[in-house]
Amino acid sequence: MTHHPHTPTPYDPGAAFRTPDLVIPSPGAIHLGHEISEERARQFAENQQRLELIHELGLPTEPHRLMDDFADYLAHQTGMAYGFVNLFLDAQTFVGLHNPDPELGYFPVGRNMAFEHGFCPEVVARKKALPIREVYALPRYAGNHVVNALGVRSYFGAPLIHESGVVLGTVCTIDPEPRPLSDARRLLDTVKATGADVLRALPSLSVL
């Protein structure tokens, strides 16, 4: 698929990819007198469970060549500009990353992104794949910083769900161009299949 050069909207390059302010508390760190919402308490518990499982499994928390290969494959198979294998640690962490050719004029992303940016947090929360053919058609994403920073018009992501039921993160791909309805099923199936391949490969990556 041919992509035309695209000049992203000017923005603060660090804003979307800095480590988030949210700190995952250790067990017992939330005391009476420090009220938090039920939803935030649930998020804390899920994040703690996820971090403990990732540590227990010995999964890589830094860039990994095989995960980069998966991200490359995903971008090439879908024809989209970026590909990611994204583990949810203290921030969204791209242990697998495909950036587009710099000559195309796209902004190269870094390896970390705050939890409040992008679309993957929604995939993790719902534990279901999320196909977005045209971001601009969905008003709820109008204020999403990544949409403005990278000019994102399409997103296809699927959760990485461990056999225990814990969501480790996502595999996903994004592009500055919308996608036609006729291609949506193929793109979603490709992302889901790649996610299944990543899950099968994770046990071999143990760094313990």
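With +1 on the Cβ of every Lys and Arg and -1 on the Cβ of every Asp and Glu, and nothing else charged, how large is the dipole of the range 107-147 about its Cα centre, in debye rounded to the nearest 20?
Numbers: 6 positive and 3 negative charges, 40 e Å.
With only Lys, Arg, Asp and Glu charged at Cβ, the dipole is about 200 debye.
From the backbone phi of the range 67-74, what are the Karplus-calculated ³J(HN,Hα) couplings (6.51 cos²θ - 1.76 cosθ + 1.60, θ = phi - 60°) in whole Hz, Gly and Pro given as x?
Result, ordered by residue: 5, 4, 4, 5, 5, 4, 4, 4 Hz.
For a paramagnetic label modelled at 7 Å from the Cα of Arg185 toward its Cβ, which residues of the range 139-155 fall within the zone defined by backbone nitrogen distances under 20 Å?
155
As an exercise, take the mean of 1/r over every pair of distinct alpha carbons in the range 154-208, invert it, and state the Kirkwood radius in angstroms. Walk me through the intermediate numbers first.
Details: mean 1/r = 0.0806 Å⁻¹.
Taking every pair of different Cα atoms in the range 154-208, averaging 1/r and inverting gives 12.4 Å.
On a C-alpha basis, how far is the centre of the range 147-208 from the centre of the range 96-129 in Å? Whole number, if you could?
Value for the Cα centre distance between the two parts: 10 Å.
Any idea what % of Cα-Cα pairs in the range 65-155 are farther than 17 Å?
Numbers: 2135 of 4095 pairs.
Result for the distance tail: 52 percent.
Counting other Cβ atoms within 10 Å of each Cβ, which GluC sites (Glu not before Pro) in the range 43-134 have at most 16 and sit in a DSSP loop?
Numbers: sites: Glu46, Glu52, Glu56, Glu103, Glu116, Glu122, Glu134; in loops: Glu116, Glu134.
The qualifying sites are Glu116, Glu134.
For the range 55-208, taking Cα atoms only, what is the radius of gyration to one decimal and the Dmax to the nearest whole Å?
Radius of gyration, then largest Cα-Cα span, for the range 55-208: 14.5, 45 Å.
Using θ = phi - 60° and the Karplus relation 6.51 cos²θ - 1.76 cosθ + 1.60, list the HN-Hα couplings for the range 54-64 in order, rounded to whole Hz, with x at every Gly or Pro.
Each residue of the range 54-64 in turn: 4, 5, 4, 6, x, 6, x, 10, 10, x, 10 Hz.
Starting from the exponent 0.38 and prefactor 2.2 Å, build the expected Rg for the range 59-98 from its residue count and divide its actual Cα Rg by it.
For the range 59-98, the normalised Cα radius of gyration comes out at 1.11.
Every number in this text was worked out from the coordinates using simple rules, so none of it is lab data. Note that the structure is a prediction, hence the values are computed from the model and not measured. Virtual Cβ from ideal backbone geometry, glycine too; neighbours counted across all protein chains shown.
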